[in-house]
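What follows is a single structure, and I will ask about it in a moment.
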Amino acid sequence: MSLPKITHLPSARLLTSFHQHRQQLLHPSIAPLPAPRRAVIQGQYRRPGQPKENKYPWQKINFNFLKGVEGIKKNFMLLKKEFFDPWVGPEGKPVLEHMLEQNRVVWEFRGPESLEQWTVSSDREIGGQSEVYLKVGKNNNTGFLYGTLSSTPPRDGETRYSGYCTMRSRQLMASFNRKKHHDWTSFNTLHLRVRGDGRPWMITIGTETYFSHQKDDMYNYFLYTRGGPYWQDVKIPFSKFFLTHRGRIQDNQHPIWLDKVNTIGFTLGDKADGPFQLEIDYIGVCKDYAHTEEFAYELYKRNPEV
Amino acid sequence: VLRRFHSSPVCPKSRPVPTEFTNQDGKKRDTSLVTHDDLFERVAQDVKTKATFNKVVDLFIKADVRRRGHVEFIYAALKKMPEFGVERDLAVYNKLLDVFPKEVFVPRNFIQRMFNHYPRQQECGVQLLEQMENYGVMPNIETKVLLVQIFGEKSHPMRKYQRIMYWFPRFKHLNPFPIPKELPEDPVDLASFSLTRIANDRDAKVTVYQLPCTDITESGEEITIPHIVGIQSPSQIEQLAQHNPSRPVFVEGPFPLYLRKKCVYYYILRADPIPADEKVEEPYDPERCLDYPLQLDLDLDRDLGDEESFDVEDLDEGPVFAMCMTSQGDQATLNQWISGLQQNNPVLGQVPTLFRLEAGPKELQGTAETESGHHYGSDSATQREERQPEENPDIITEEEPRRSQGMKL
């Protein structure tokens, strides 16, 4: 007994009245991605009203000499790093440090090159009017995410809710565009130093999945900011993250698997229209020996068959 | 009213509905094809309250025992709820659920259970619950009873209700800085509440420097005097007392603070961080705490496995000395705040104060690189506010609100 498919894709809802974004990576210049022609399982979001692109896959390759040269440079630098890193130790750190690490700073905002690890996206892709920008803070010491939220839904007949802004980290890449993952198995808490304006944000962690159905699986938790001129240290144990798929919290929950973490993101979707800002100092993971909880939600099967 | 949907209208199980029923309230009996939005729009000319909303729902319920078109009516009602201001009212949702005819949509055998019995009505029920979830309304036992009566136990709306009842209690009290549902209306109370929230210190004291009032001057103009509420904690007073009088302090603002949907603005008084060479490390006073020694001179080594701090350089942005909230953020009001602060911090009389007031996405300004070149020499003399003449007149330079240099929106 399945409910017929409801076409309100972008009106993804979370059970705590937050809006969740569609997981799309965009360049900071926010150009809408053309929808691919053959999408097996609802691959990319097709904005209602946009015609289907009738390009063959080989027509989409863009040949450019300069881009090629840059690509070669980048890839060979990465290859060199990969070759010489194991001489120092696993993952470029000495063995003892790798084994006994208690705290690791994963992302910090020092200087404009740290902005390249992040991408922002907002309502605008589905036709809304929210804006979001990311820049380095004063003295090049923090990351400053700011913009305006507007929850008027786009008038395309399909979307019912709107108004979200997100910032998401890019996938780590090894040489020659291979995916690399974060390995956080020896840690159990996420530690952030942020300064918000009192709005509640949502932290989303995307892990590497095997099946294509799991593509939009995200592990979420809330980030409540206090506002004010003082920095706020937020410690969230990984056992608190709950599983959502396309913004809807799932029935079958399980703790997040930390061995192949791909991305982390911050979403704002509280329905308060107006400007917002969030300053981030660093994002790190740490091991809290006092935290022994394995998972915060029940693991039993909640929808047993009739 | 329990009645089989599919029984023939010929058998007179109940009285036929009197035709003049719908003519109550003087509303015209419209036989053309109208959507149910119309009912609400006709009421829209009157005051939109919960009572009128309930009246419209009652009207619909009484109009037809079979509740023809109840799905469209419920969708229209859900859309109109925010206009009537009842979107957070559980009683109204229960009443709206009551519109569904009972026991008709409950599946009676395994085939009906298999094939998504009455899908449109189930979808409508799910949408109703979704709007409840959207506005954070917690359903109660009456909702559950209604859902069981209408859809049965294994239906989609019932599943949605179970999910709400599972997750809502878990997420309700997660906010470490909770905001009450009813914010205080009085601006002074709201300001003191939000200042205690951002102060980060339990000992911080809120002082109201000025209460709001509207005055009418002799020339007949109305002048509104804004409220000024400030906050300062004892440690901030100490820090300000140790501040070097030759360094300026900055009044920055307005910074936004959101409380649920409401945005308030606050201003801060801060100074630049002391450069490393001027930092004086005061030795711990052993008599400050007699229970245990504050400084231990042990020669213990910490191993790699005991490292508890992150490998990031500490951001020093300078101390914040006080915060305030006011409805009008111009220099005159802020000067009043500074003079009010001066009673507790006499050093403010000698320290030059710079005002950096600009709108736009706000961050604490950095160090000296942000000095703008817009210094008006003689103009500022006329706009300068002199403090009380007893103290040494200090230089209050004014930086006019800087035009955005491409950094802000």
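What is region A:93-156 by shape, rounded, prolate or oblate, if you read a ≥ b ≥ c off the alpha carbon gyration tensor as root eigenvalues and call it rounded for a/c under 1.5, prolate for a/b larger than b/c, and oblate otherwise? List each step's numbers first, then the result.
On the way: a/c = 4.05, a/b = 2.32, b/c = 1.75.
Here region A:93-156 falls in the prolate category.
Let me know the shape class of region B:39-168, please: from the alpha-carbon gyration tensor, a ≥ b ≥ c as square roots of the eigenvalues, rounded when a/c is under 1.5, otherwise prolate if a/b is greater than b/c, or oblate.
Oblate shape, in that a/c is at least 1.5 and b/c is the bigger or equal ratio.
Follow-up question, since we're still on this one. Sort B:183-192, A:170-179 for me by packing, meaning the mean count of neighbouring Cβ atoms within 10 Å per residue, highest on top.
Ranking the peptides B:183-192, A:170-179 by packing returns B:183-192, A:170-179.
Other chains near A:294-300: what is the mean number of their Cβ atoms within 10 Å of each residue's Cβ?
1
Hey, got the average number of other protein chain Cβ atoms within 10 angstrom for residues in A:223-236?
Values: counts 0, 6, 3, 8, 11, 13, 16, 8, 3, 3, 0, 1, 0, 0.
Taking the mean over all residues of the peptide, I get 5.
Another one. Ratio of Rg to Rh for region A:205-275, alpha carbon only, Kirkwood?
We get a ratio of 1.02 for region A:205-275.
Report the dimensions of region B:254-346 along its three principal axes from the alpha-carbon atoms, largest first, rounded to Å.
56, 35, 32 Å, listed from the longest principal axis down.
So which of A:81/A:179; A:271/B:79; A:271/B:262; B:79/B:160; B:205/B:261 end up more than 22 Å apart by C-alpha?
Beyond 22 Å: B:205/B:261.
Give me the distance between the Cα centres of region A:259-285 and region A:175-223, rounded to whole Å.
The distance from the Cα centre of region A:259-285 to that of region A:175-223 comes to 10 Å.
While we're looking at this one, here's another question. Is the C-alpha gyration tensor of region A:103-286 telling us rounded, prolate or oblate? Criteria: a/c under 1.5 is rounded; beyond that, a/b larger than b/c is prolate, otherwise oblate.
rounded
Listing A:201, A:58, A:107, A:184 from the residue with the fewest other Cβ atoms within 10 Å to the one with the most, what is the order?
On the way: A:201 26, A:58 6, A:107 15, A:184 21.
Ordered by Cβ neighbours within 10 Å, fewest first: A:58, A:107, A:184, A:201.
Let me check against my output: what whole-number percent is the relative contact order of region A:103-286, with C-alpha pairs under 8 Å and at least 6 apart?
That works out to 31 percent.
Give me the inter-chain shielding for A:115-128: mean count of other chain Cβ atoms within 10 Å, whole number please.
Shielding by partners across A:115-128 averages 0.
Any read-out appearing in this document is the output of simple, stated calculations on the displayed coordinates, not a laboratory observation. All of these numbers come straight from a predicted model, not from anything done at the bench. Don't worry about glycine lacking a Cβ; one is built from the backbone with ideal geometry, like all the others, and counts go over all protein chains shown.
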